[in-house]
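Written below as structure tokens is the structure these notes are about.
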Amino acid sequence: MFKKIAIALFDFFSSVKLAVILLISLAIMLAIGTFYEAEYGTPDAQRVIYKSWFMSLEMILLIINLACAAVDRIPWKKHHIGFVVTHAGIITLLMGSFITQQRGIDGNLALGLNESSDHFSVSDTEFHVYQNFDGRPFALLFQKPIDLDSKPPTKNKYEFKLVDDDVLVIKDYLQKALRKLDVVPTADVKAFPAIKFNLANERVQVNEWLGLGSQAIPPFYDLGPAVVSFIRGNLPSQPQGRNQILVYQDPKDMKLYYAVFSMRTPKPTSKGLIEVGKEYATGWMNLKFKVEKFISHAVPTVDYQEGDQGATETVQALKASIGNKTSWFELENPHELKGDKSTYFVSFTRKRFDLGFQLFLKKFRMKTYGGSQLPMSYESTVAVNGKDETVISMNEPLKFNAYTIYQSSYETNERGEPIVSVFSINYDPGRTIKYTGALGIVLGIGIMFYLKPRWSRKKKGVT
Amino acid sequence: MKKLSFILMILFSVSAGALNVSDVERLAIQDGGRIKPFDTFARESTQLITGTQIHQGKNATELVLSWLFLPDQWLVEKFIQVKHLQLKKEIGVAENQSYISPDEIVHNPKLPQLFTQLAQLQKEKKKLNPYFQALSRMNNQLVLYQEIIAGRAIKVLPQTLSSDWIAVADLKGEPRELFANLAKSYFPAIGNGDERAFHEAVKKFKDFAMAQTNSNYPSESQIDQEIIYNSLHPFRLAYIFYFVAGLLFLLSLKFIKSMPWFYSSLGFAVTGFLIHAVGFGFRCVIAGRPPVSNMYESVIWVSAGCVFFGLVFEFIYRRRYIGLAAMMMATIGLIIGDSVPAVLDQSIKPLEPVLRSNYWLTIHVLTITLSYAAFALSCGIGNIALSYYARGKERENSEKLQALALFVYRAVQVGVLLLTAGTILGGVWADYSWGRFWGWDPKETWALIADLGYLAVLHGRFSGLLKTFGTIAASVGAFAGVIMAWYGVNFVLGVGLHSYGFGGGGVFYVTGVVVAQLLYIAWAAYQHHSVSANLKVS
């Protein structure tokens, strides 16, 4: 009975029909994956489709099927060589990929010019909490890997016991968070004044806060052809030399005034008292100016909202609280959070690895094709441990110790000059195994398709 | 016929006393990151602006010179091509009107706002729908035209200390005077046909440009190569030969089964292939790399591969169907390559940094696309076989169909080997340059999906699930996977790392062809089913 079932199972797992079913189901699954990626982006597709449990199941079934089919044909004859080599090759390749996935490291390092680093980070995230009491320096309380993309705090509980009954709870997480700045009034009379202006015509619409005395809210907004500035004290007597709207609070009556300067005339083209909510013509490009809000003592507050699909400049951010104190933590932007008695330093960060050597970025060069902006090459000149200067470029990575360092991308400053070179850093213990498998697959298929028909023809010729 | 009258028209217009601009065509221009003959620059510019390379009997170079020197004459002339219906409606152009004038674009009340919207979308890197693609094309047309008439787009003079060439508008001192002479002599040349001074001025300017120290001015033979390539239209010539060869294969198959007919069809096919190969060789030499970096080049290469495999198979089996299928697919491929320049950009462009490795580019891309060629051949043979099923004539042709199924199977085997090897090589390249053997990038994923589809066919035939009809129908159907991997990822999905080949356009037509193909298979299957049912009953 047991033997019968075992044989039936083996027949099922070694059957070509199962192979066909697996091939087609895999093809369909992957096809869905690519459309999913086009809609929701690469990280989501990787998580939901390519690194899902049913993909693993599919791979396991495939390996069983391949192995059973090969075993089924024992004792192998000459005409089985191609078939066995191919199937063994696929299994080897999948095994190599498994090793890469489990033990490989795939990270990133952004290095500024003349900067060096001895570590790099990967996309996995970690949560670190440091504690400070009695005026001693912060000491690490704990560090834990967290994966809020796969296990969002809306569905999973994240509670961490700290000291003195303090409990830290992760309440919310946004994968594509947009930082939303708002300004609210405060009772603190030392707080700075702020205005929210609106500048609009049929095509342009600008709506921004300007403030005096906070880094979060700059005192001017540059549109390119024109500037809106909020200044202290009285109207300056000097001409401005460009199109500018000046808003100022008169120290005597504490009321808001405006003055519009044009590039050509030294004196303001119009000025007057500002009535909040009333529109004033600027005289340029049909633009109308309005102060929507005026707060004489203001504080900035930051809130986060989920960005739309395709929104750019989003950040990953989590919301954590201790007792009734709540705060948002952006990735790689740690700050303090106060408990009842102690102060904690909370960090939401990417996992880091030591390189084992110092990598120094000496030079970054983007060559373009003559007479055009089309990039031709990206090259980073780096030094390892202060010596061994090498150039890393696309298609020419640097291999050092077990790591391979590739030119990945670059970042520019406001003037568009490259100032940061981004490398991807990789350690792959499965590489040799994968390559062996790959070689087996190609050789095996070649043998199957070209040598086997020849062998069988020869055989027929002999008999 | 249309072609012939077209050629006659050109000959006529040339003989009607047009300006001889062959020396201007041979001036070198720096444009789009390349040094190219004026001829190439003019063809590419007029192609974009007017949609053709010959407009109102003027060839591209004459047209560009006329724009440059007589801009006022062109202000209200309708020569800027606009095709998109919704766009025409939006900007108030009549539906049957295919061209508008620069004046109409500049003074259109709606366009500034639309261009602002477009700029916003482009800034946000959003994918453009066909309407905005059309708008973007109009913007490019206008900008290029304005840059040409302002002399800023035409960079004619190499510099000693910089790799940037100097545009006509920025010339100073002696070269400025030399060019001014050229401009002055242009008017009598086109007015009363006194061309001597004009040619003299062109020569003087060119001599000056070539005499620049340290200059990368191309040699005469380099210019020759590109001008020959431009005027030869080798791929157009090749498909005419393929088309004739296909007809002859068909005739030799149906009516005249004598060997001379067969050999003459082979002769046409081989000649076509040689022209094809020469054209490909020219493009290699001009670009300095294997020309497989965009959709157009891959279509040319796949067509060549399809003919190559077809000829090899024909040499082995001598069954004419294979030759017919190869000619059919190659003709379709080359005609598509030749006729939709707005979608398949024919210009030679410099490579993206990551592709600047001739070694990897050659072995990875050529292997992958060569597999497409084998699959295209199998699809062609399969469609010929399906025609017997669709007409209900399978019983009287069963031996033939078994042979065709074998050819389909063999072509699929070649394809699977090449696609598997090519995909793995792609993995090795990616591992070498990015440290990632496999990353589920859409292009590589779709290559795998296409491969899996054909592997399913091979295993299905091996296990007996697929018989003669099944093998044929499934192989033809599996070509949809290749279409998606080849065209769809770049033009439909438009995401991933293989972004250097991304483009837009044609989605409607390609989808239509795939759907028609699937319906054809379904119809053949229906007919096959009813024939088998009848067989059982009788």
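Select from B:Phe187, A:Ser52, B:Gln117 the residue farthest towards the positive end of the dipole of the protein assembly as shown; place +1 on Cβ of Lys and Arg, -1 on Cβ of Asp and Glu, and compute about the Cα centre.
Sorting the options by dipole projection puts first A:Ser52.
I'd like the distance separating the alpha-carbon centroids of segment B:245-322 and segment B:93-136, in whole Å.
About 41 Å separates the Cα centre of segment B:245-322 from the one of segment B:93-136.
Across segment A:257-267, in residue order, what do the Karplus-derived ³J(HN,Hα) couplings come to in whole Hz, using 6.51 cos²θ - 1.76 cosθ + 1.60 with θ = phi - 60° and x for Gly and Pro?
Result, ordered by residue: 10, 10, 8, 9, 10, 10, 4, 8, 9, x, 8 Hz.
Would you work out the relative contact order for chain A, in percent, from Cα pairs under 8 angstrom that are 6 or more residues apart?
Reported as a whole number, the value is 21 percent.
At R0 = 60 Å, how high is the FRET efficiency between B:Arg356 and B:Arg391 if r is their beta carbon distance? Nearest 0.05 is fine.
0.70
Between segment A:1-41 and segment B:388-419, how far is it from one alpha carbon centroid to the other, in angstrom?
Result: 27 Å between the Cα centres.
Test of the criteria: in segment B:211-283, which trypsin sites (Lys or Arg not before Pro) are in a DSSP loop and have at most 16 other Cβ atoms within 10 angstrom of their Cβ?
Passing sites in segment B:211-283 are B:Lys257.
State whether the protein assembly as shown is rounded, prolate or oblate according to the following rule on the C-alpha gyration tensor (a ≥ b ≥ c being the square roots of its eigenvalues): a/c under 1.5 gives rounded; otherwise a/b larger than b/c gives prolate, and the remaining case gives oblate.
It comes out oblate by the Cα gyration axes.
In sequence order, what are the phi-derived ³J(HN,Hα) couplings for segment B:189-200 according to the Karplus relation 6.51 cos²θ - 1.76 cosθ + 1.60 with θ = phi - 60°, rounded to whole Hz, with x for glycine and proline?
Working through the residues one at a time gives 4, 8, x, 10, x, 7, 9, 4, 4, 4, 5, 4 Hz.
Which Cα, out of A:Thr432, A:Ile64, B:His199, lies furthest along the positive dipole direction of the protein assembly as shown (beta carbon charges, K/R +1, D/E -1)?
Checked the options; the winner is A:Ile64.
Using the Cα centre of segment A:183-301 as the reference point, and only Cβ charges (+1 on K/R, -1 on D/E), how large is the resulting charge dipole? Debye, rounded to the nearest 20.
Here the size comes out at about 260 debye.
Report the charge-dipole magnitude of the protein assembly as shown in Debye, nearest 20, computed about the Cα centre from +1 at each Lys and Arg Cβ and -1 at each Asp and Glu Cβ.
Roughly 3220 debye, rounded to the nearest 20.
Using Cα-Cα distances under 8 Å and only pairs 6 or more residues apart, what relative contact order does segment B:20-220 have, in percent?
19 percent
Could you list A:Cys68, B:Cys284, B:Cys306 in order of exposure, starting from the residue whose Cβ has the fewest other Cβ atoms within 10 Å?
Lowest to highest Cβ neighbour count: B:Cys284, A:Cys68, B:Cys306.
Under the classification rounded if a/c is under 1.5, otherwise prolate if a/b is larger than b/c and oblate if not, where does segment A:255-404 fall, given a ≥ b ≥ c as square roots of the Cα gyration tensor eigenvalues?
Verdict is oblate for segment A:255-404.
Rounded, prolate or oblate for segment A:339-455? Axes are the square roots of the Cα gyration tensor eigenvalues, ordered a ≥ b ≥ c, and the cut-off for rounded is a/c under 1.5.
It is oblate, given that a/c is not under 1.5 and a/b is not larger than b/c.
Kindly provide log₁₀ I(q)/I(0) values, in the same order as q = 0.16, 0.17, 0.24 Å⁻¹, from the Debye equation applied to equal alpha-carbon scatterers of segment B:203-247.
-0.60, -0.63, -0.86
Once you charge only the Cβ atoms, +1 for Lys and Arg and -1 for Asp and Glu, what is the size of the charge dipole of segment B:20-220 about its Cα centre, to the nearest 20 debye?
With Lys and Arg at +1 and Asp and Glu at -1, about 760 debye.
Where does the protein assembly as shown land at 222 nm, in deg cm²/dmol rounded to the nearest 500, when only DSSP H runs of n ≥ 4 count, each adding -39500 (n - 2.57), divided by all residues?
Taking each H run of at least 4 residues, the total per residue is -15500 deg cm²/dmol.
Restricting the count to DSSP beta bridges whose residues both fall in the protein assembly as shown, what percent are antiparallel, rounded to a multiple of 5?
95 percent
Rounded to two decimal places and with Rh computed the Kirkwood way over Cα pairs, what is Rg over Rh for segment B:364-538?
Expressed as Rg/Rh, it is 1.04.
In whole angstrom, note down how far apart the Cα centers of segment B:70-92 and segment B:194-210 are.
Rounded to whole Å, the Cα centres lie 34 Å apart.
What value does segment A:183-301 have for Rg/Rh, both radii from Cα atoms and Rh as Kirkwood defines it?
With Rh from the inverse mean 1/r over Cα pairs, Rg/Rh is 0.95.
Pairs of Cα atoms under 8 Å, at least six residues apart: use those to get the relative contact order of chain B, whole percent.
RCO, chain B: 11 percent.
Tell me which trypsin sites (Lys or Arg not before Pro) from segment A:33-140 have a DSSP coil assignment and no more than 12 other beta carbons within 10 Å of their own.
For trypsin sites (Lys or Arg not before Pro) across segment A:33-140 that sit outside H, G, I, E and B with at most 12 neighbouring Cβ atoms in 10 Å, the list reads A:Lys77.
Quick one: net charge around A:Ile32, please, counting Lys, Arg +1 and Asp, Glu -1 for every other residue with C-beta under 15 Å from its C-beta.
After counting each charged neighbour, the total is -2.
Pick out, from B:Val21, A:Asn395, A:Gly356, the residue whose Cα sits farthest towards the positive end of the charge dipole of the protein assembly as shown, with +1 on the Cβ of Lys and Arg and -1 on the Cβ of Asp and Glu.
With unit charges placed on the Cβ atoms, the residue in question is A:Asn395.
Readers should treat all values here as calculations from the given coordinates under stated rules, not as data from a laboratory. Please read these numbers as outputs of a predicted model, since none were measured by experiment. Don't worry about glycine lacking a Cβ; one is built from the backbone with ideal geometry, like all the others, and counts go over all protein chains shown.
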